[in-house]
1. Considering only the stretch B:25-50, state which residues are among the polar types (S, T, N, Q) and either at pLDDT below 95 or under 21 Å from B:Leu110 (Cβ atoms) (or both).
2. Answer yes or no as to whether A:Ser64 is surrounded by 13 or more Cβ atoms within 10 Å (Cβ to Cβ), small (Gly, Ala, Ser), on the phi < 0 side of the Ramachandran plot and in contact with a helix residue (DSSP H, G or I) (Cβ under 6 Å, 6 or more places away or on another chain).
3. Can you tell me which of B:Leu46, B:Leu50, B:Leu75, B:Leu110 is aliphatic (A, V, I, L, M) and within 14 Å of another protein chain (Cβ to nearest Cβ)?
4. Could you list, ordered by first residue, the pairs with Cβ atoms under 6 Å in which the first is in the stretch A:70-98 and on the phi < 0 side of the Ramachandran plot and the second is assigned to a loop (DSSP other than H, G, I, E, B) and among the polar types (S, T, N, Q), at least 6 apart or interchain?
5. Pick from the stretch A:7-22 the residues that are surrounded by fewer than 18 Cβ atoms within 10 Å (Cβ to Cβ) and within 11 Å of chain B (Cβ to nearest Cβ): which of them is nearest to B:Leu87 (Cα to Cα)?
6. Exactly one of these conditions fails for B:Glu18: (1) within 13 Å of the chain's Cα centre (by Cα); (2) in a loop (DSSP other than H, G, I, E, B); (3) closer than 25 Å to A:Met102 by Cβ. Give me its number.
7. Return the residues of the stretch B:89-110 that are part of a helix (DSSP H, G or I), buried (at least 20 other Cβ atoms within 10 Å of the Cβ) and touching a strand residue (DSSP E or B) at 6+ places or on another chain (Cβ under 7 Å); say none if nothing qualifies.
Amino acid sequence: MANVRLLGLAVHAFCVYLNFDDTEAYQTQLALVEAVTNIIRHAYDGQPDSEVEVTVTLYPQCLSLQVVDTGRPLLALNPKVLEFDPSDHSHLPEGGMGLLIMQQVMDRVAYRRVGPSNILTMEKDFPTRRPTP
Amino acid sequence: MQIEDKVIKGILVVTPLEKRLDATAATDFKGKMVDWINLGHRRIILDLSLVDFVDSSGLGAIVSCLKTLGEGGDLVISGIRDAVLSLFQLTRMNRVFQIFPSSEAAIKGLSG
């Protein structure tokens, strides 16, 4: 799990290089960290030698993060709706927020199963105001 | 995870000294917070001014601390960076936690 930090920091560095602002860089890193943490916990049941491959691709209009694993398939990409009463502390959610966060902060999220591989693709558009490097 | 703690006007102010509150740090963070709660602290300010990355595991640990405190307790956030605040907004946890610009402002808010 400690290597997830390294992945997060690497993607954050890409974002800074691409002139993402602080919040965009944080949220892009967050989406990747949530994706990889979910895979380790759920697709691989927390096994220590879980293999996850991340490919970062820079397109003219967007940054693409592709995450590939060979663990258990994802059942659905649709996250549970996060509904709770903010004043009822005893029933606040402590987990199950990862997919929702990924879909909220990235412009496109897609999942497909190819043979033994789960392939998750997340894309973040560059704002038009910003010249790409 | 290293966390600085001090008591001001009967309020416990805890400041994580590391930059990341993520899945790796969450269990340790929660353990230390629960220890303080079990010592009898009921009003706690979590100063996130040095933290530049929180993920849903870190957020879940903060929520868990609030639950451990129970109805008579108060856990508020101070010094949170705009980027990290966006996680609270995305998950609507900004409606659960009182958020103050600084620990000084939080002390005033909780003392009033």
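The values are calculated or read from the model by the stated rules, or taken from the named source; none is laboratory data. In this text, all values refer to a predicted model and were calculated from it rather than measured experimentally. Heads up, the Cβs are rebuilt from the backbone with ideal geometry, glycines too, and the neighbour counts pull from every protein chain shown.
1. Matches in the stretch B:25-50: B:Asn38, B:Ser49.
2. Details: surrounded by 13 or more Cβ atoms within 10 Å (Cβ to Cβ): yes; small (Gly, Ala, Ser): yes; on the phi < 0 side of the Ramachandran plot: yes; in contact with a helix residue (DSSP H, G or I) (Cβ under 6 Å, 6 or more places away or on another chain): no.
In short, no.
3. Details: B:Leu46 fails: within 14 Å of another protein chain (Cβ to nearest Cβ); B:Leu50 fails: within 14 Å of another protein chain (Cβ to nearest Cβ); B:Leu110 fails: within 14 Å of another protein chain (Cβ to nearest Cβ).
Exactly one residue qualifies, and that residue is B:Leu75.
4. A:Met97/B:Thr91
5. A:Asp22
6. (1)
7. Hits for the stretch B:89-110 are B:Ser103, B:Ala106, B:Ile107.
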